[in-house]
Ligand code: EPU
């Protein structure tokens with residue numbers, strides 16, 4: 001098992017390139033199930049979750065070829081077996097995204113229930129309810145969602161809560177349904193829009209992605225297309241927070257300031273100077289950060305996937321801040337580990353009160369999930385002495401070459417096994 005060893009105390013400085021978005025790449029790859037023609041992706045991030053998705057789709061029958069320039073061609077000429085087995089779904093919940101496309105393409109699918117995970121229960125009832133509204137017959141038996149249908153039928157579906165992958169699953173299914181589907185209370189995340197753009201390039205008729213009402217007119221068939229995956233806004237935000245926490249000055253290339261408004265606003269509030277230009281974001285932090293209070297909510301509000309990183313920033317900032325997590329019921333596990341570095345955090349229900357300390361001290365800490373790991377790396381970059389972050393496999397799921405990129409910015413960080 002790998003760990004990261006960080007010698008804290010260096011301000012990040014320099015330039016780095018942001019990768020394609022994990023949470024856009026995973027649904028986009030599943031969209032390739034909707035056509036027998038090849039779909040080509042560029043700006044594909046090299047991540048463990050992407051490799052897991054290639055494994056799952058390969059098993060289902062998709063032929064995958066990669067090139068060295070971050071390209072991926074996926075061709076689902078024939079579906080071999082419409083099955084997502086437990087062994088794969090338990091390692092990556094996004095596997096549920098094959099359910100809608102498989103059902104739409106071949107009228108049946110068997111997908112393992114994802115089960116709970118470290119950050120919360122994360123049920124998939126909205127995915128199931130939506131597909132049932134479109135005419136699918138769905139049973140949950142022996143831990144599997146077994147779904148059958150003739151051609152799906154368009155329907156008006158009002159989600160009980162905003163769900164990102166739920167919206168994506170139903171939007172993909174609706175592209176091949178008979179008639180029009182209206183998804184109300186949809187997720188407005190930019191990754192949903194990126195998926196809609198690719199589906200439209202494949203011949204789908206989707207309007208309203210990026211708003212909370214998405215309308216999909218079903219078509220008989222989709223065809224191949226080429227699509228460049230959008231930049232990863234959470235990787236971008238993570239590097240910006242790392243630079244701010246270490247009092248650094250960085251320039252991030254290949255990204256987009258327009259999809260990070262809530263995060264950039266919080267960084268400005270913390271005292272950072274930020275310049276956004278087409279394709280780049282530059283940040284300089286010339287003072288001790290001021291603690292910022294954040295409340296997570298669906299896009300365009302402050303993202304839950306940035307909550308842990310801001311908690312690390314608040315730990316070394318001036319003043320007291322309040323962080324409220326409203327999306328997942330158990331997403332404060334990093335707080336206990338941050339305390340091992342000397343952070344002062346009190347948790348009560350879904351609220352964390354963070355009193356900024358003038359210094360943290362290196363220690364061995366254990367990552368429990370992807371974004372929690374990122375917050376520990378940020379804290380390690382600031383802490384005095386050596387911090388060892390165990391269980392780096394969580395980071396490898398969602399951050400491409402994180403230690404290489406941080407080293408490029410001057411961090412003293414190395415991977416050891
Ligand atoms: N929910 C239900 N029923 C459902 C679906 C969702 O109760 O059928 C609840 C969830 O339990 C949660 C809330 O609704 O409390 C929102 O969950 P959502 O479905 O939006 O989350 P997700 O689609 O499973 C995606 C990202 C997550 C990100 C969340 C929230 C992907 C592959 N994953 O998950 O990313 O935290 O949206 O923005 O897009 C990460 O990258 O680290 C990560 C966890």
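The values are calculated or read from the model by the stated rules, or taken from the named source; none is laboratory data. All of these numbers come straight from a predicted model, not from anything done at the bench. Because the Cβ atoms are built from the backbone with ideal geometry, glycine has one as well, and the counts that use them run over all protein chains shown.
Residues checked against (1) closer than 26 Å to residue 186 by Cα; (2) within 14 Å of the ligand (Cβ to nearest atom):
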site: 276; (1), (2): no, no
site: 279; (1), (2): no, no
site: 284; (1), (2): no, no
site: 291; (1), (2): no, no
site: 299; (1), (2): yes, yes
site: 309; (1), (2): no, yes
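Scan segment 294-323 residue by residue and report those that are surrounded by fewer than 17 Cβ atoms within 10 Å (Cβ to Cβ) and assigned to a loop (DSSP other than H, G, I, E, B). Steps first, answer last, please.
Taking segment 294-323 and keeping what is surrounded by fewer than 17 Cβ atoms within 10 Å (Cβ to Cβ), we get 295, 297, 300-301, 318-320, 322.
297, 300, 301, 319 - these are the residues of segment 294-323 that are surrounded by fewer than 17 Cβ atoms within 10 Å (Cβ to Cβ) and assigned to a loop (DSSP other than H, G, I, E, B).
Restricting attention to segment 311-331, which residues are touching a helix residue (DSSP H, G or I) at 6+ places or on another chain (Cβ under 9 Å) and farther than 13 Å from residue 295 by Cα?
Once the filter is applied, which keeps residues that are touching a helix residue (DSSP H, G or I) at 6+ places or on another chain (Cβ under 9 Å) and farther than 13 Å from residue 295 by Cα, segment 311-331 yields 312, 313, 315, 316, 317, 320.
Which of the residues that make up segment 143-167 are more than 13 Å from the ligand (Cβ to nearest atom) and closer than 21 Å to residue 107 by Cβ?
Hits for segment 143-167 are 144, 146, 147, 148, 149, 150, 151, 152, 153, 154, 155.
Could you tell me which numbered condition residue 54 fails, if it satisfies all but one of (1) touching a helix residue (DSSP H, G or I) at 6+ places or on another chain (Cβ under 9 Å); (2) at pLDDT 95 or above; (3) away from the ligand (no atom under 16 Å from the Cβ)?
(3)
Hand me the list of helices (runs of 4 or more DSSP H) wholly inside segment 134-249 holding 2 or more residues that are surrounded by fewer than 24 Cβ atoms within 10 Å (Cβ to Cβ) and modelled with pLDDT of 95 or more.
Details: elements: 164-175, 190-201, 233-245.
Filter on segment 134-249 gives 190-201.
Sort out which residues of segment 250-279 are buried (at least 17 other Cβ atoms within 10 Å of the Cβ), in contact with a helix residue (DSSP H, G or I) (Cβ under 9 Å, 6 or more places away or on another chain) and assigned to a strand (DSSP E or B), and write them in order of number.
If the condition is that a residue be buried (at least 17 other Cβ atoms within 10 Å of the Cβ), in contact with a helix residue (DSSP H, G or I) (Cβ under 9 Å, 6 or more places away or on another chain) and assigned to a strand (DSSP E or B), then 250, 252, 274 are the ones that fit.
Residues being crowded, with 18+ Cβ neighbours inside 10 Å and more than 16 Å from the ligand (Cβ to nearest atom): count how many of those fall in segment 12-31. If you could, list the steps in order and put the result at the bottom.
Just the residues of segment 12-31 that are crowded, with 18+ Cβ neighbours inside 10 Å, to begin with: 12, 16, 18-31.
Subsequent filtering for residues that are more than 16 Å from the ligand (Cβ to nearest atom) retains 12, 16.
Number satisfying all stated conditions: 2.
What's the number of the condition residue 125 fails, among (1) more than 12 Å from the ligand (Cβ to nearest atom); (2) out of contact with any helix residue (DSSP H, G or I) (no Cβ under 7 Å at 6 or more places or on another chain)?
In the conditions (1) more than 12 Å from the ligand (Cβ to nearest atom); (2) out of contact with any helix residue (DSSP H, G or I) (no Cβ under 7 Å at 6 or more places or on another chain), residue 125 misses (1) alone.
Can you confirm whether segment 105-122 contains a residue that is touching a residue at least 24 places away in the same chain (Cβ under 8 Å), within 15 Å of residue 29 (Cα to Cα) and crowded, with 18+ Cβ neighbours inside 10 Å? Walk me through it before giving the result.
Narrowing segment 105-122 to residues touching a residue at least 24 places away in the same chain (Cβ under 8 Å): 105-115, 117-122.
Next, from what is left, pick out any that are within 15 Å of residue 29 (Cα to Cα): 105.
Among the residues that remain, those that are also crowded, with 18+ Cβ neighbours inside 10 Å are: 105.
Checked against the condition, which is being touching a residue at least 24 places away in the same chain (Cβ under 8 Å), within 15 Å of residue 29 (Cα to Cα) and crowded, with 18+ Cβ neighbours inside 10 Å, segment 105-122 yields at least one hit.
Say whether the condition of being away from the ligand (no atom under 15 Å from the Cβ), under 24 Å from residue 62 (Cα atoms) and exposed (fewer than 14 other Cβ atoms within 10 Å of the Cβ) is met by at least one residue in segment 86-99. Explain how you work it out, then say what you get.
Just the residues of segment 86-99 that are away from the ligand (no atom under 15 Å from the Cβ), to begin with: 86-87.
Subset that is under 24 Å from residue 62 (Cα atoms): 86-87.
The next check asks that each one be exposed (fewer than 14 other Cβ atoms within 10 Å of the Cβ); those that pass are 87.
For segment 86-99, residues away from the ligand (no atom under 15 Å from the Cβ), under 24 Å from residue 62 (Cα atoms) and exposed (fewer than 14 other Cβ atoms within 10 Å of the Cβ): present.
Which is touching a residue at least 12 places away in the same chain (Cβ under 8 Å), farther than 21 Å from residue 163 by Cβ and more than 14 Å from the ligand (Cβ to nearest atom), of 135, 71? Explain how you work it out, then say what you get.
On the way: 135 fails: farther than 21 Å from residue 163 by Cβ.
Sole residue among the options that is touching a residue at least 12 places away in the same chain (Cβ under 8 Å), farther than 21 Å from residue 163 by Cβ and more than 14 Å from the ligand (Cβ to nearest atom): 71.
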